[in-house]
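Notes for the one structure printed next.
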Amino acid sequence: MRIAVALAGAIALASGGLVATATTASAAPVTPGSSLIDQAGSAIKKSAKDRYAVYSNKNGIVRYTRTYDGLRVYGGDLVIRTKAGKFAGASAGLAKPLSLGTKPSVTAASAGATAKSQFKGTITKAGTPELFIDASNGVGTLSWETVITGWQPDGQTPSRFHVISDALTGKVVGSYDEIENIAGTGNSVYSGQVAIESTPAGESFNLVDPVRGNGSTCDMNNRTSGTCTTFTDADNTWGTGAPSDRQSAAVDAHFGAAVTFDYFKNVHGRNGIFGDGRGVPSRVHYGNAYVNAFWDGAQMTYGDGTGNAKPLVALDVAGHEMSHGVTENVVPGGLTYSGESGGLNEATSDIFGSMVEFYAGSTEDAGDYDIGEKIDINGNGSPLRYMYNPTLDGRSHGCWSTSTRSVDVHYSSGVANHFFFNLAEGSGATPYGTSPVCGGADAVTGIGKEKAEKIWFRALDAYFVSNTGYVNTTTPGNTARAYSLAAATDLYGLCSAEYKAVQTAWTSVNVAGNDEECFDGNAFALTLSAENASVGPGESTTVTANTALVNGEAEEITFTAGATPAGVTVTFEPATVTAGESTTVTVSAAPDAGRTSGQVTITATAASLTRSKALTVKVGSVAACTVTNATAVPIPDLTTITSEVELGQCAATPSTASSVDVKIQHTYIGDLVVSLIAPDGTAYVLHNRAGGGTDNIDQSYPVDLSAETANGKWTLRVQDAARADTGTLTSWTLSV
């Protein structure tokens, strides 16, 4: 069963798309004291309440799921990459460490009733709502997830419908049916004469593939439930190629499952869809005149189409749907099926569905970059999508824009589809169609589908996390561009021809990035083991600066630091290295350093080249001078509420750079006045009815408290000053 889906900020999705679901995996919890977690440091955005479980561990790629205060965190998954057992990099979807209360204001019963009201169709079972942390947008929100099982309005398509609601306000923030499908008009049986594997059974044969994990194909006999009968045959010659012969559609489905299994195993080294050698069950002749095909997380199901005469068993449909199975078994929970991550989910299936079609080498259904061209879903001979020019379908985005994240995932997928086509085949006129570039981008010279597909799979397998997107201003590294460039570096080398082609192909679809610039002659790369360094007064911490030879000969590199925040020093040991070596960067704060934050430029200079990286340095308060209240307080309409904290052992004088971190769930923050009340009664206004109709406050407010005494009772006062909207103060932190 899919775990969290369609999450914060997601719109409800209409059915009728190609399938994506998720599976769960369990493992012993890993505490933050474990070696790899410790080595990853701030790169994984960890908090004291986090616990981790290993989801998968292979080929130096360790994937983890995360819990916070005992609750599952959707969007909290992370990847740690290792070399020789040591930390070599990480991917994480969180924008910052989690810090929120875990006591709901809305009951489970209320969340369940809300979920039922969202379902359109016939309910057969309503699951118990689960309290979890929805961090699909990079920031955690306490939420309920309720799963409704039943039938869609057509009475034949099964449904496992997830509803996500805010556990503090009750507002529905997303919904998602984990059984997605492809709907339309089929046209024929597609595979022609092919070799398929079966299993002897006495004097006959069963359509069970012993070579590929006993994947089987069975006949639903035009029902939607009940026994699915495995196909048998006396002479091991299956079907006639005509849809009227019930075995013919089974041949296509069985062949599609076998080719997809072989593709992932032989091209990418993955042992089948599930990664464990199991074959895929396929059900054909499902429902009556059912014009759909779907993947439900465990098996493929195909309807017979209009008049039960046009089964939807085309090869790229099979490859597309089962590639969703790969995605959901590689990335914990799959790529979140909304916004840009949902577009990448769909694009991944389009990409691999097309590559499966090429891999098959069928003369009846030759490889191309059209999606669903054989099934004629539109009824006019046109495909569902065009990878070489996605806009030809009239709805898909071929170039990224700020609106891409708000369209249906089947249309936001066009950006990645277009990127992949240009990377593989190049832009301009090709044998498969003419591919344009966006704006004034340079033309792209393709590197071939064989290299392009390996780069995409490596990015999915080793880098993508559940909320990876195209553009991410909060966490710039969590993008398909950054991760596919990292994959190209792993496979072909930094600044290789393949690396440069990935850069050019993303630029050609208007997806920019802060990439490593490539130079001719002697060149090296610079990376930091973490983007942030946090210290307290009188403390120090270290970050590793790594260099790698990119081109030419290795030169000596000297490290220097730019301007630092007041009271902070940055040193290097050693200060000079040879390209390919590392140095330890030590960040120290003086005992009297005040609270501050700023970027320090770490510069590495060689005779031929200079590289720089930004390190964000934060100086915090000593523990005794920081206090948090995480008890949720409802904010009724036209009401003032308060929440208190107390300092008792802070020996410091409050700083001019003190801060108040405020987290409020509210549907119209322009109603709110937020003030800090000092122990002597002085009020400091932090937020005064700004932000209009924006949802929620999650902000750190700087405040000059140098005139105050630290110890005593501090109060956060929140006034709802206008009618109609309500909310909840979830937590706040004072650091003096």
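Only residues that are of a type outside the set (A, V, I, L, M, F, W, C) and touching a helix residue (DSSP H, G or I) at 6+ places or on another chain (Cβ under 7 Å): list them for the range 477-487, please.
Arg481, Tyr483, Ser484 - these are the residues of the range 477-487 that are of a type outside the set (A, V, I, L, M, F, W, C) and touching a helix residue (DSSP H, G or I) at 6+ places or on another chain (Cβ under 7 Å).
In the range 379-409, what residues are in a loop (DSSP other than H, G, I, E, B) and either crowded, with 24+ Cβ neighbours inside 10 Å or in contact with a Gly (Cβ under 7 Å, 6 or more places away or on another chain) (or both)?
Across the range 379-409, the qualifying residues are Pro383, Leu384, Met387, Tyr388, Asn389, Ser396, His397, Gly398, Trp400.
Given the conditions (1) in contact with an Asp or Glu (Cβ under 9 Å, 6 or more places away or on another chain); (2) surrounded by 24 or more Cβ atoms within 10 Å (Cβ to Cβ), and given that Ala462 satisfies all but one, which numbered condition is not satisfied?
Exception for Ala462: condition (2).
Output the residue which, of all residues in the range 410-448 that are open to solvent by 40 Å² or more (accessible area, probe 1.4 Å) and either part of a helix (DSSP H, G or I) or among the small types (Gly, Ala, Ser) (or both), is farthest from Ser484 (Cα to Cα).
Selected residue: Ala429.
So Thr474 ticks every box in (1) in a loop (DSSP other than H, G, I, E, B); (2) among the β-branched types (Val, Ile, Thr); (3) buried (at least 18 other Cβ atoms within 10 Å of the Cβ); (4) under 22 Å from the mean Cα position of the chain (by Cα) but one. Which box is left unticked?
(3)
Within the range 301-356, which residues are of a type in the set (Gly, Ala, Ser), assigned to a loop (DSSP other than H, G, I, E, B) and touching a Leu at 6+ places or on another chain (Cβ under 9 Å)?
Listed by number, the residues that qualify are Gly305, Ser338.
Take Ser700 and decide whether it is within 18 Å of Thr626 (Cα to Cα), of a type in the set (S, T, N, Q), open to solvent by less than 40 Å² (accessible area, probe 1.4 Å) and touching a residue at least 24 places away in the same chain (Cβ under 8 Å).
no
Do we have Ala606 as at pLDDT 95 or above, out of contact with any Ser or Thr (no Cβ under 6 Å at 6 or more places or on another chain) and exposed (fewer than 15 other Cβ atoms within 10 Å of the Cβ) here?
Criteria not met by Ala606.
Of everything in the range 543-554, what is touching a residue at least 40 places away in the same chain (Cβ under 8 Å) and either hydrophobic (A, V, I, L, M, F, W, C) or surrounded by 16 or more Cβ atoms within 10 Å (Cβ to Cβ) (or both)? Give them in sequence order.
Val543, Ala545, Thr547, Ala548, Val550, Asn551 - these are the residues of the range 543-554 that are touching a residue at least 40 places away in the same chain (Cβ under 8 Å) and either hydrophobic (A, V, I, L, M, F, W, C) or surrounded by 16 or more Cβ atoms within 10 Å (Cβ to Cβ) (or both).
Conditions first: (1) open to solvent by 30 Å² or more (accessible area, probe 1.4 Å); (2) in contact with a Gly (Cβ under 6 Å, 6 or more places away or on another chain); (3) in contact (Cβ under 8 Å) with a residue 60 or more places away in the chain. Thr601 passes all but one, so which condition is the exception?
Looking at each condition in turn, Thr601 falls short on (3).
Scan the range 309-326 residue by residue and report those that are surrounded by fewer than 24 Cβ atoms within 10 Å (Cβ to Cβ) and either at pLDDT 90 or above or out of contact with any Ser or Thr (no Cβ under 7 Å at 6 or more places or on another chain) (or both).
Ala309 - this is the single residue of the range 309-326 that is surrounded by fewer than 24 Cβ atoms within 10 Å (Cβ to Cβ) and either at pLDDT 90 or above or out of contact with any Ser or Thr (no Cβ under 7 Å at 6 or more places or on another chain) (or both).
Does the range 222-265 hold any residues that are open to solvent by 40 Å² or more (accessible area, probe 1.4 Å), in contact with a helix residue (DSSP H, G or I) (Cβ under 9 Å, 6 or more places away or on another chain) and either at pLDDT 95 or above or more than 18 Å from Gln193 (Cα to Cα) (or both), and which are they?
Asn222
Working only within the range 113-138, note down all residues that are buried (at least 19 other Cβ atoms within 10 Å of the Cβ) and at pLDDT 90 or above.
Ala115, Phe119, Pro129, Phe132, Ile133, Asp134, Ala135
Out of all the residues in the range 705-726, which are open to solvent by 10 Å² or more (accessible area, probe 1.4 Å) and either closer than 15 Å to Leu647 by Cα or at pLDDT 90 or above (or both)?
Listed by number, the residues that qualify are Ala707, Glu708, Thr709, Asn711, Gly712, Lys713, Thr715, Arg717, Gln719.
Quick one: which strands (runs of 3 or more DSSP E) lie wholly within the range 493-604 and hold at least 1 residues that are hydrophobic (A, V, I, L, M, F, W, C), more than 27 Å from Val660 (Cβ to Cβ) and touching a Lys or Arg at 6+ places or on another chain (Cβ under 6 Å)?
Correct list: 523-528.
Only one of Arg689, Arg611 is in contact (Cβ under 8 Å) with a residue 12 or more places away in the chain and touching a helix residue (DSSP H, G or I) at 6+ places or on another chain (Cβ under 7 Å); which?
It is Arg689.
Scan the range 512-521 for residues that are within 19 Å of Thr578 (Cα to Cα) and open to solvent by 50 Å² or more (accessible area, probe 1.4 Å) and jot them down.
Answer for the range 512-521, where residues must be within 19 Å of Thr578 (Cα to Cα) and open to solvent by 50 Å² or more (accessible area, probe 1.4 Å): Phe519, Asp520.
Determine whether Ala632 is under 20 Å from Ser99 (Cβ atoms), touching a Ser or Thr at 6+ places or on another chain (Cβ under 8 Å) and either in contact (Cβ under 8 Å) with a residue 12 or more places away in the chain or hydroxyl-bearing (Ser, Thr, Tyr) (or both).
In short, yes.
Taking the conditions exactly as written (in contact with a His (Cβ under 6 Å, 6 or more places away or on another chain) and surrounded by fewer than 24 Cβ atoms within 10 Å (Cβ to Cβ)), does Val147 satisfy them or not?
Considered against the rule, which asks whether it is in contact with a His (Cβ under 6 Å, 6 or more places away or on another chain) and surrounded by fewer than 24 Cβ atoms within 10 Å (Cβ to Cβ), Val147 comes out as yes.
Being polar (S, T, N, Q), surrounded by fewer than 18 Cβ atoms within 10 Å (Cβ to Cβ) and more than 32 Å from the chain's Cα centre (by Cα) narrows it down to one of Ser534, Ser540, Ser496, so name that one.
Going through Ser534, Ser540, Ser496 in turn, the sole match is Ser540.
Taking the options Ala657, Ala724, Ala652, Ala678, name whichever one is free of Cβ contacts under 8 Å to residues at least 40 places away in the same chain and not charged (D, E, K, R).
Just a single option satisfies the conditions, and that option is Ala678.
Yes or no: Thr694 within 27 Å of Lys171 (Cβ to Cβ) and of a type in the set (Ser, Thr, Tyr)?
Yes.
In the range 635-651, which residue that is part of a strand (DSSP E or B) and open to solvent by 50 Å² or more (accessible area, probe 1.4 Å) is nearest to Ala721 (Cα to Cα)?
Among those that are part of a strand (DSSP E or B) and open to solvent by 50 Å² or more (accessible area, probe 1.4 Å), it is Thr640.
The values are calculated or read from the model by the stated rules, or taken from the named source; none is laboratory data. Everything quoted here is computed from the prediction, not taken from an experiment. So basically every Cβ, Gly included, is an ideal-geometry build from the backbone, and we count neighbours across all protein chains shown. SASA here: full protein model, heavy atoms, side chains in, ligands and nucleic acids out. Shrake-Rupley method; radii C 1.70, N 1.55, O 1.52, S 1.80 Å.
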